[in-house]
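Everything below concerns the one structure shown next.
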Amino acid sequence: MNKQILILGSSGLIGSRMYKFLKDKNIPVKGISRSKCETTDLIHDFSTEGFSKKIQELISDSSLVINLLSIAHIEDDTSNIIDTNIKLIKNALAYDYADKTNIYFSSEDAILDIKNNANNNWPFWIKYGVSKGECEKLCLKNSSCIVLRLPPFLDKNTKDREKRAFRIPFLNVKILFCPEVEFIYTDSENLFSQLFFDRKTNGKYLKISPKKTRQSKLVQDIDGFSIKLPRLILKIACEFLSLTIYRSYRELFKPYFYRKFNL
């Protein structure tokens, strides 16, 4: 069987790094994305373009398909993020995967237990979570597809850690809030090596056991001040925030917050 790996969404944060990681390991890889870059072999927009014979050929020539198709950043056009992400996955699943391993990369932010997914007043993080949850449902109905829920993704070789920092531009300082709780952390080397060389499945979900670290360890890589918040303060902050957000999505806030900080 051909050991080529096909990445759908190869120009994004994870897709581009995965592509380069595989190249460095001398593993045959092809990438499809909506924008041209060094990790793209074929340009195709799954949200607007129809069936492509070239894509079917690439799928047929691969033994593993990684699906990273998603609007995932607030700077994108997120007005229809739920419908767009669902359309991306529907169009991707329309191809014939036969006996290929087809893995959809979801997120720990995925929200499954929701009744109405058409609320335009939701903030970005809820829309994103709902879209991932709906896409998971589609994938789990497809016999060829396995769902992988990714933990928060940071890379030790980049400045990704600084995204956890709160910036005060006019003072030229960055503050990293370090609650005394563990959160899930993994870098690209750890993530990809587990995915490709130590795959373990549980039903139709693919599990990853990422490295855990305390946020205080990240302070070494960020210039600025660090402030430690005890767990009790975080719980109080959670209660305060839940009182200040809209009732329409208050129920979703607490599970999201507690899942993020393992309180």
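The values are calculated or read from the model by the stated rules, or taken from the named source; none is laboratory data. In this text the structure is predicted, and so the values were computed from the model without any measurement. Note that we place each Cβ from the backbone using ideal geometry, even for glycine, and neighbour counts take in every protein chain shown. Just the protein is used for accessible areas: all its heavy atoms, side chains included, with ligands, DNA and RNA removed. Shrake-Rupley method; radii C 1.70, N 1.55, O 1.52, S 1.80 Å.
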Hz values of 3J(HN,Hα) by residue in region 3-10 - Karplus curve (6.51, -1.76, 1.60), Gly and Pro given as x: 9, 5, 10, 10, 10, 8, x, 7
Carbon plus sulfur fraction of accessible area for region 22-99, probe 1.4 Å, in percent: 46 percent
Cα→Cβ-extended label distance, 7 Å offset, between D61 and D113, nm: 4.6 nm
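Once the piece of chain linking D99 and Q4 is laid out straight, how much longer is it, given 0.36 nm per residue of separation minus the C-alpha distance between them?
Going from the current span to full extension adds 32.8 nm.
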Heavy atoms of L93 accessible to a 1.4 Å probe, total area in Å² rounded to 10: 30 Å²
Solvent-accessible ranking of K204, K53, largest area first, probe 1.4 Å: K53, K204
Dimensions (Å) - region 20-110, Cα atoms, principal axes, largest first: 38, 28, 27
By average C-beta atoms within 10 angstrom, highest first, the peptides 54-64, 6-16, 122-132: 6-16, 122-132, 54-64
Residues K137 and S242, FRET efficiency given R0 of 35 Å [Cβ-Cβ distance, rounded to 0.05]: 0.85
Stretchable slack from I175 to K23, in nm (0.36 nm times residue separation minus alpha-carbon distance): 51.1 nm
Solvent exposure, largest accessible area first (probe 1.4 Å, DNA, RNA and ligands not counted), of T101, T48: T48, T101
